[in-house]
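Report on the structure given below.
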Amino acid sequence: MISSNDARSFWVRLFDISDILRNTSYHLLEKNSVQFNFAEFPIVQFFFERPGARPAMKDLLAITGLSSCAVSQAVDSLIEDGLLERVRSEEDHRSFLIQVTDRLRVFRETPIRHFEKMLDAFRLYSGMTPEEMAIAEEVFVMLAESRTGGELAVIRQPSDLSVPWLLSHEWNGREYLNTLPVWSLILHFTTNLKNPAMVYYYGKRGRMTLGKLRIMNYLFHLSGNKKGTPTVKNLAERFQISQGVVSQTLNAMIQDGMVERISSPMDRRVTGISLTPQGVRMRRQCASSYTCFMQNFFSRIEPEKILLFDRVLDLTLQFLAAEEGKAFLMPGESFDAYL
């Protein structure tokens with residue numbers, strides 16, 4: 001089994017790469033005059049990966065980890081923009097399913113073409129042989145399959161991750177995953193790897209949501225780098241959501257004992273947000289679950305493939321930092337902090 005430090009290095013680098021890809025995708029869409037808020041983007045991302053999907057609202061709730069109100073408002077807004085539409089279920093005419101429109105399919109082509117060119121450039125400049133790339137892609141497929149095929153060894157309550165639509169459709173099988181490019185497999189895997197954190201904590205206001213997780217990760221990142229405590233306004237600007245939504249999320253986290261409001265030592269009129277010791281433990285527990293999963297996964301992989309996969313991740317980050325890779329990136333910070 002690989003060491004815990006090596007396992008952590010794997011998921012940290014995968015999160016780094018996926019955040020760069022998501023940030024680039026977000027800006028590509030913004031350049032085409034399409035803007036999504038905090039709740040809409042994960043829903044759009046889901047349909048980008050599976051344009052033929054027709055989930056019910058309860059499926060989107062389970063997939064995104066957002067509140068019922070947030071998902072409902074996001075879907076209504078996307079329908080109003082002509083990107084999604086409701087259709088009656090063929091199995092139950094009393095219920096509706098959600099599907100993409102032709103307009104969203106057209107927008108979807110922009111980031112897809114962009115990332116295809118990025119992958120071609122990586123193959124050209126990375127120095128990897130076609131044989132090595134094929135082996136690396138095989139490992140990426142196995143990673144994605146391990147998260148969608150029910151391998152939940154590090155989760156306390158796997159039933160909480162059951163998504164009705166996903167369980168009743170075979171999109172997540174090896175045959176389907178083999179058709180996806182590497183950049184899509186990375187997004188697919190990291191999205192699913194974050195889901196365990198959703199079920200680790202149950203507080204007075206319910207389970208861990210995507211909003212709570214992102215704020216907790218960001219506060220943890222800031223505390224580790226001693227960059228001070230952000231205000232509600234800072235968090236709203238960071239995640240591009242209203243201060244009202246941030247305050248509502250923080251109130252729930254305060255009741256759950258994960259964060260606290262503290263006065264600035266420089267100006268008592270300014271109130272910052274900080275993780276409590278319980279919040280720090282919770283964030284570390286999430287990180288520990290990621291590390292445990294990566295250790296379990298790589299214990300079944302040949303040592304030669306592990307070394308190659310490690311090299312691929314390093315080469316990918318080097319490529320994205322080099323001039324050849326920067327040409328494919330959009331300016332701006334990543335939305336998530338998983339360091």
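The values are calculated or read from the model by the stated rules, or taken from the named source; none is laboratory data. Just so we're clear, the structure is a prediction, and the values are computed from it rather than from any experiment. All Cβ positions, even for glycine, are placed from backbone atoms using ideal geometry, and neighbour counts span all protein chains on display.
Taking the criterion of being touching a Phe, Trp or Tyr at 6+ places or on another chain (Cβ under 6 Å), at pLDDT below 85 and under 28 Å from residue 73 (Cβ atoms), would at least one residue in segment 245-257 satisfy it?
Checking segment 245-257: not a single residue is touching a Phe, Trp or Tyr at 6+ places or on another chain (Cβ under 6 Å), at pLDDT below 85 and under 28 Å from residue 73 (Cβ atoms).
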Check: Can you find even one residue in segment 4-21 that is more than 24 Å from residue 296 (Cβ to Cβ) and free of Cβ contacts under 8 Å to residues at least 12 places away in the same chain?
Finding: no
Checklist line | Any hit, segment 69-82, residues being in contact (Cβ under 8 Å) with a residue 60 or more places away in the chain and not in a helix (DSSP H, G or I) | finding: no
Margin query: Looking at the structure I just gave you, is residue 227 modelled with pLDDT under 85 and not in a helix (DSSP H, G or I)?
Written below: yes
Checklist line | Considering residues of segment 23-46 that are of a type in the set (Phe, Trp, Tyr) and assigned to a loop (DSSP other than H, G, I, E, B) only, the residue modelled with the lowest pLDDT | finding: 38
Item checked: Among the candidates 300, 261, 281, residue that is surrounded by fewer than 17 Cβ atoms within 10 Å (Cβ to Cβ), free of Cβ contacts under 8 Å to residues at least 60 places away in the same chain and assigned to a loop (DSSP other than H, G, I, E, B) -> 300
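Residue-wise test of (1) within 30 Å of residue 9 (Cβ to Cβ); (2) within 23 Å of the chain's Cα centre (by Cα).
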residue	(1), (2)
237	no, yes
250	no, yes
269	no, no
294	yes, yes
Notebook entry, point to check: Of the residues that make up segment 47-59, is at least one in a helix (DSSP H, G or I) and either free of Cβ contacts under 8 Å to residues at least 24 places away in the same chain or assigned by TED's automatic domain parsing to the domain that holds residue 242 (or both)?
Noted result: no
Margin query: Any residue at all in segment 99-117 that's in a strand (DSSP E or B) and either modelled with pLDDT under 90 or over 30 Å from residue 295 (Cα atoms) (or both)?
Written below: yes
Check: Given the conditions (1) surrounded by fewer than 17 Cβ atoms within 10 Å (Cβ to Cβ); (2) closer than 19 Å to residue 325 by Cβ; (3) hydrophobic (A, V, I, L, M, F, W, C), which single one is not true for residue 128?
Finding: (1)
Next item on the list: Inspect segment 93-100 for any residue being touching a Phe, Trp or Tyr at 6+ places or on another chain (Cβ under 8 Å) and either of a type in the set (A, V, I, L, M) or buried (at least 20 other Cβ atoms within 10 Å of the Cβ) (or both) and give the result as yes or no.
Entry: yes
